[in-house]
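**Student:** Can you read through this structure? Questions will come right after.
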Amino acid sequence: MTKAIRIHEHGGPEGLRYEDVETGQPGPGQALVRHTAIGVNFIDCYYRTGLYPAPGGLPLIPGGEGAGVVEAVGEGVGSLKPGDRVAYSTGLGAYAGERLVAADRLVKLPDAIADEQAAGMMLKGMTAEYLLQQTFKVKPGDTILFHAAAGGVGLIAGQWASHLGATVIGTVGSPEKAERARAHGYRHVIDYRTEDFVARVKEITGGKKCDVVYDSVGKDTFAGSLDCLRPLGMMVSFGQSSGAVPPFSVNILSQKGSLFLTRPTLFTYTATRAGLEQSANGLFDVVGRGIVRIEVNQRYALKDAAQAHRDLEGRRTTGATVLLP
């Protein structure tokens with residue numbers, strides 16, 4: 001038996017209930033992980049509201065990333081043993097004191113990376129890895145626009161893209177977040193509450209605009225993001241914190257310069273064990289070498305997950321947020 005947060009009906013943060021749940025013993029190919037820290041991400045809110053349907057229906061335990069210690073392993077698991085420090089970003093079920101995880105979804109943590117740091121970076125950090133290294137491979141001389149620059153993925157991406165030699169432009173919603181973005185690799189920061197980000201991008205780039213735009217905001221920024229791209233530029237829509245992008249004619253992509261548009265997910269890029277290891281190892285490398293700093297700026301007790309969701313949706317958080325069992 002362990003404590004967990006469960007959702008019995010879709011809705012607001014008040015629907016996150018702190019309850020006793022039965023964990024069970026690991027079956028073939030599984031490991032029992034005792035969490036030491038659990039990551040909180042916007043996708044958790046999407047499952048809570050029902051925007052993303054839960055594969056197993058309700059009730060559900062939200063959360064897709066965590067770090068902890070292997071307590072036991074099931075039959076056929078030879079890559080892990082009790083006592084191993086591990087982390088993951090997979091499926092649902094992380095908002096719990098302990099859980100069963102498919103062993104091939106777990107990665108061992110290097111000694112240099114703390115548990116809270118790992119729990120707060122697996123989803124966001126591997127997202128930054130595939131965005132910058134696979135979806136659009138950023139190279140020296142590229143100009144990129146990254147929305148929500150002071151968010152969890154944004155702070156990682158700014159540091160990483162700057163290291164890769166790109167000119168990094170970010171959007172934020174307050175002067176405080178602008179300062180944070182500048183401290184994390186962003187050469188130019190635009191406060192979208194007081195400035196027209198499309199006009200500012202054109203000004204910053206001398207009218208050349210961007211090679212790629214990374215947009216996790218969705219409805220409020222999508223149309224403007226397309227106007228920030230040079231001909232043959234790529235629009236990467238990887239989230240929708242302001243709401244879903246309204247339907248549009250695909251012809252708009254040709255009208256604005258034969259643009260490319262993709263809607264990627266981490267789950268696709270890490271579906272295979274090889275893909276998972278590539279993404280995780282790339283993240284561990286830049287964090288281990290100090291190229292990317294992972295800052296856990298908010299900590300909540302597991303029982304206070306509802307407040308964590310309120311703060312996340314209210315855009316009152318920066319960097320990584322973790323729950324502590």
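**Student:** Answer with yes or no whether residue 212 is assigned by TED's automatic domain parsing to the domain that holds residue 157, closer than 30 Å to residue 122 by Cα and buried (at least 20 other Cβ atoms within 10 Å of the Cβ).
**Tutor:** Judged against the criteria, residue 212 is a match.
**Student:** Taking region 224-261 only, how many residues are surrounded by 11 or more Cβ atoms within 10 Å (Cβ to Cβ) and within 21 Å of residue 152 (Cα to Cα)?
**Tutor:** Adding up the residues that qualify gives 10.
**Student:** Identify all residues within region 287-325 that are in contact with a helix residue (DSSP H, G or I) (Cβ under 9 Å, 6 or more places away or on another chain), part of a helix (DSSP H, G or I) and surrounded by 19 or more Cβ atoms within 10 Å (Cβ to Cβ); write none if there are none.
**Tutor:** Hits for region 287-325 are 287, 305, 308, 309, 312.
**Student:** Can you give me the number of residues within region 72-88 that are crowded, with 16+ Cβ neighbours inside 10 Å and either under 24 Å from residue 121 (Cβ atoms) or among the hydroxyl-bearing types (Ser, Thr, Tyr) (or both)?
**Tutor:** Final tally of qualifying residues: 6.
**Student:** So, in region 104-146, how many residues would count as being in contact with a strand residue (DSSP E or B) (Cβ under 7 Å, 6 or more places away or on another chain) and hydroxyl-bearing (Ser, Thr, Tyr)?
**Tutor:** Of the residues in region 104-146, 2 are in contact with a strand residue (DSSP E or B) (Cβ under 7 Å, 6 or more places away or on another chain) and hydroxyl-bearing (Ser, Thr, Tyr).
Conditions (1) within 27 Å of residue 304 (Cα to Cα); (2) among the aliphatic types (A, V, I, L, M), marked per residue:
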site	(1), (2)
95	yes, no
103	no, yes
110	no, no
119	yes, yes
127	yes, no
133	no, no
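**Student:** Here's another thing I want to ask about it. Any idea how many residues of region 163-184 are in a helix (DSSP H, G or I) and surrounded by fewer than 19 Cβ atoms within 10 Å (Cβ to Cβ)?
**Tutor:** 5
**Student:** Go through region 266-276 residue by residue and tally those that are in a helix (DSSP H, G or I), within 17 Å of the chain's Cα centre (by Cα) and over 15 Å from residue 41 (Cβ atoms).
**Tutor:** Qualifying residue count for the region: 4.
**Student:** If you take just the strands (runs of 3 or more DSSP E) that sit entirely in region 1-80, which of them hold at least 2 residues that are hydrophobic (A, V, I, L, M, F, W, C) and on the phi > 0 side of the Ramachandran plot?
**Tutor:** Hits in region 1-80: none.
**Student:** Does residue 206 satisfy the condition of being on the phi > 0 side of the Ramachandran plot, assigned to a loop (DSSP other than H, G, I, E, B) and in contact with a strand residue (DSSP E or B) (Cβ under 8 Å, 6 or more places away or on another chain)?
**Tutor:** No; evaluated as a whole, the condition is false for this residue.
**Student:** Considering only residues that are among the charged types (D, E, K, R) and surrounded by 20 or more Cβ atoms within 10 Å (Cβ to Cβ), look in region 12-52 and name the one that is nearest to residue 116 (Cα to Cα).
**Tutor:** 44
**Student:** Would you please name the residue that is surrounded by the fewest Cβ atoms within 10 Å (Cβ to Cβ), looking only at residues in region 140-150 that are closer than 16 Å to residue 127 by Cβ and in contact with a Lys or Arg (Cβ under 8 Å, 6 or more places away or on another chain)?
**Tutor:** It comes out as 150.
The values are calculated or read from the model by the stated rules, or taken from the named source; none is laboratory data. All of these numbers come straight from a predicted model, not from anything done at the bench. Using ideal geometry, Cβ is built from the backbone for each residue, glycine included, and neighbour counts are taken over all protein chains shown.
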